[in-house]
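The values are calculated or read from the model by the stated rules, or taken from the named source; none is laboratory data. Since this is a predicted model, take the numbers as computed values, not measurements. Here the Cβ positions follow ideal geometry from the backbone for every residue, glycine too, while neighbour counts run over all protein chains shown. Just so you know, the surface numbers come from the protein's heavy atoms only, side chains and all, with ligands and any DNA or RNA stripped out. Shrake-Rupley method; radii C 1.70, N 1.55, O 1.52, S 1.80 Å.
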Amino acid sequence: MTSSIAVLLIWIAVAIVALIILLWFFPVTLWFQALISGVKISLIQLVLMRWRKVPPSTIVMAMVTGTKAGLKLDANALEAHYLAKGNVPNVVNALISADKANINLDFKMAAAIDLAGRDVFEAVQMSVNPKVINTPPVTAVAKDGIQLIAKARVTVRANIKQLVGGAGEETVLARVGEGIVSSIGAAESHKEVLEHPDSISKVVLAKGLDAGTAFEILSIDIADIDIGKNIGAVLQIDQANADKNIAQARAEEKRAMAVALEQEMKAKAQEARAKVIEAEKEIPLAMADAFRSGNLGIMDYYKIKNIQADTDMRENIAKPVQ
């Protein structure tokens, strides 16, 4: 009796396991849910999805959601998008949002945007509700040399047609910053920019900065403008310092040349004195020869001595007092 009960329990367990496996391969509940929701899909398709490693629940729930929203979706297209590593629920939600907002978006375009790595549902939402992007502080210098630091708020809307291959937010911010720098740099005075900040927005918008991007710029509003440094004065000071250093270097060069010339002149004067001293040594000998030869008399000798004494006296008087 006990063995019969054990066998019966084993058969029941085997039957339950077999039923679970059967229901897993043949998702009858999911097929029935699709059927009562108006989605035409066969049980065989759901079984084949299992073999292709596609979760039938993902495809069926996406088709049910789309059908209830009035969309016509193809199960094969959804399955192919899933196999391509796409986000099927996100694409379906994006199609529903686009349909309700009267945005022209088909499944092929939505799938391409999703596979390109962009959030297609968020893009549709951004088309309905524009997004505000705050630019980082942009520094520019007006023609009068005054530095201005501007911050802007850029209101953008997603451009569905440009989401595939279009540039992102970084490019938009870079172009807006470039336009602000160009606009401020063209101003004659920083006061003009402070008085009419809207002129920057007009100039930047006129440049068509959203070309080739995934966004459409709706408006550019200057949120804040601060005055920075006087760049013109700083440059003039730097130039003056540079000119001063050059002048000092040239003056030092001239002074060194003058010192060298003075040393050279002193050397020549010393050389001349040495020659004079050497020549003076020959005077007594010459005078002795003149006495012997009779060309110099005793009176002439005394006259020469008087002249020499007078010269020495004048030199002593002319010397400064130590």
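Taken over the range 147-172, the criterion of being open to solvent by less than 20 Å² (accessible area, probe 1.4 Å) and in a strand (DSSP E or B) is satisfied by Leu148, Ala150, Ala152, Val154, Val156, Ala158. Of all residues in the range 56-111, those that are among the small types (Gly, Ala, Ser) and free of Cβ contacts under 8 Å to residues at least 12 places away in the same chain total 1. Among residues of the range 201-223 that are under 19 Å from Val138 (Cβ atoms), those with a beta-carbon under 9 Å from a residue that is part of a loop (DSSP other than H, G, I, E, B) and modelled with pLDDT of 80 or more at least six positions away or on a different chain give the pairs Ser219/Pro130; Ile220/Thr135; Ala223/Thr135.
Residues of the range 259-271 include none that is under 30 Å from Gly145 (Cα atoms) and either open to solvent by 100 Å² or more (accessible area, probe 1.4 Å) or modelled with pLDDT under 75 (or both).
Can you find a residue that is under 29 Å from Val120 (Cα atoms), modelled with pLDDT of 80 or more and open to solvent by less than 50 Å² (accessible area, probe 1.4 Å) anywhere in the range 183-205? For the range 183-205, residues under 29 Å from Val120 (Cα atoms), modelled with pLDDT of 80 or more and open to solvent by less than 50 Å² (accessible area, probe 1.4 Å): absent. Only one of Ala242, Ala256, Ala247 is of a type in the set (A, V, I, L, M), at pLDDT 70 or above, more than 30 Å from Gly145 (Cα to Cα) and open to solvent by less than 70 Å² (accessible area, probe 1.4 Å). Can you tell me which? Of the residues listed, the single one that is of a type in the set (A, V, I, L, M), at pLDDT 70 or above, more than 30 Å from Gly145 (Cα to Cα) and open to solvent by less than 70 Å² (accessible area, probe 1.4 Å) is Ala256. Checked against (1) in contact (Cβ under 8 Å) with a residue 24 or more places away in the chain; (2) assigned to a helix (DSSP H, G or I); (3) not small (Gly, Ala, Ser), Leu46 passes all but a single condition, namely (1). In the range 43-78, the qualifying residues are those that are out of contact with any Leu (no Cβ under 9 Å at 6 or more places or on another chain), crowded, with 18+ Cβ neighbours inside 10 Å and within 13 Å of Phe107 (Cβ to Cβ), and the one that is modelled with the highest pLDDT is Leu78. Kindly indicate whether Gly185 is in contact with a strand residue (DSSP E or B) (Cβ under 7 Å, 6 or more places away or on another chain), in a helix (DSSP H, G or I) and either over 18 Å from Ile227 (Cβ atoms) or free of Cβ contacts under 8 Å to residues at least 40 places away in the same chain (or both). No: the conditions fail for Gly185.
With respect to Asp226, is the statement that it is of a type in the set (D, E, K, R), surrounded by 10 or more Cβ atoms within 10 Å (Cβ to Cβ) and in contact (Cβ under 8 Å) with a residue 40 or more places away in the chain true? Yes, satisfied. Any residue in the range 299-320 that is among the basic types (Lys, Arg), open to solvent by 60 Å² or more (accessible area, probe 1.4 Å), outside any helix (DSSP H, G or I) and at pLDDT below 75? Among the residues of the range 299-320, at least one is among the basic types (Lys, Arg), open to solvent by 60 Å² or more (accessible area, probe 1.4 Å), outside any helix (DSSP H, G or I) and at pLDDT below 75, which makes the answer yes. Taking the conditions (1) surrounded by fewer than 17 Cβ atoms within 10 Å (Cβ to Cβ); (2) under 20 Å from Ser127 (Cβ atoms) in turn, Ala214 satisfies each one other than (1). The set of residues in the range 86-105 that are in contact with a helix residue (DSSP H, G or I) (Cβ under 8 Å, 6 or more places away or on another chain) and more than 21 Å from Ser57 (Cβ to Cβ) comprises Ser97, Ala98, Ala101, Ile103, Asn104, Leu105. Against the condition buried (at least 21 other Cβ atoms within 10 Å of the Cβ) and of a type in the set (A, V, I, L, M), how does Ile220 come out, does it pass? Yes: the conditions hold for Ile220.
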